[in-house]
Amino acid sequence: MNFEIYNPTSRSSGFYLRVSIVYVILNLMKTDENILIDAARKASENAYAPYSKIKVGAAILSSSGKIYTGCNIENASYGLTVCAERVAVGCAVSQGEKDFIAIAIVNSTEKIITPCGACLQVLYEFSKNLQIILVSASGEIYRTNLESLLPKPFNFPNK
Ligand code: THU
């Protein structure tokens, strides 16, 4: 009887080259995500949140490759509070950016929070296919996208 014995050392050098390339690509992608998350975490440290005590930081990656950040800014007149996401978008747009690839949102609680409806609509204004990375204080990550969180955005009927 002929048995084929699995022998990892019998693989061709081409196989190892392909595995190495995939490994490098995956690591590069991970590094990009980590850079965005780190920027969002850093921005969350500047949050002004004396009322809710929830510090939020957002970092948005533009298609030009630049990262813009924002944090939540609360107000004694609660309704004037601005979320971290909208501050990040404002920061980016004020620098001439209008197209985005991904946003990372880090908050200071142990739970992952999803952006509010208002922020989702503002993000939709600029990027219909935005990747969204949500991160808790302990580093738990939830990856999603704008279409999943806002399946039926408002659009001008005549546009
Ligand atoms: N907040 C954000 O900054 N982003 C979100 O995605 C949800 C909520 C802020 C607003 C407020 O300062 C605090 O979190 C509690 O609502």
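What to note about this one:
- With respect to the conditions (1) closer than 16 Å to GLU125 by Cβ; (2) open to solvent by 50 Å² or more (accessible area, probe 1.4 Å), PHE100 falls short on a single one, namely (2).
- Set LEU26, LEU36: member being surrounded by 22 or more Cβ atoms within 10 Å (Cβ to Cβ), in a helix (DSSP H, G or I) and either over 15 Å from the mean Cα position of the chain (by Cα) or more than 12 Å from the ligand (Cβ to nearest atom) (or both): LEU36
- Applying the criterion of being surrounded by fewer than 23 Cβ atoms within 10 Å (Cβ to Cβ) and within 15 Å of the chain's Cα centre (by Cα) to the residues of the range 63-82, the residue that is farthest from ALA40 (Cα to Cα) is SER63.
- Close Cβ contacts (under 9 Å, 6 or more residues apart or on different chains) running from residues in the range 85-97 that are touching a residue at least 40 places away in the same chain (Cβ under 8 Å) and under 15 Å from ILE132 (Cβ atoms) to residues that are among the hydroxyl-bearing types (Ser, Thr, Tyr) and open to solvent by less than 40 Å² (accessible area, probe 1.4 Å) comprise ALA88/TYR68.
The values are calculated or read from the model by the stated rules, or taken from the named source; none is laboratory data. Please read these numbers as outputs of a predicted model, since none were measured by experiment. Positions of Cβ are generated from backbone atoms using ideal geometry, with glycine treated the same way; all protein chains shown enter the neighbour counts. Quick note on the areas: whole protein, heavy atoms, side chains included, nothing else; ligands and nucleic acids left out. Shrake-Rupley method; radii C 1.70, N 1.55, O 1.52, S 1.80 Å.
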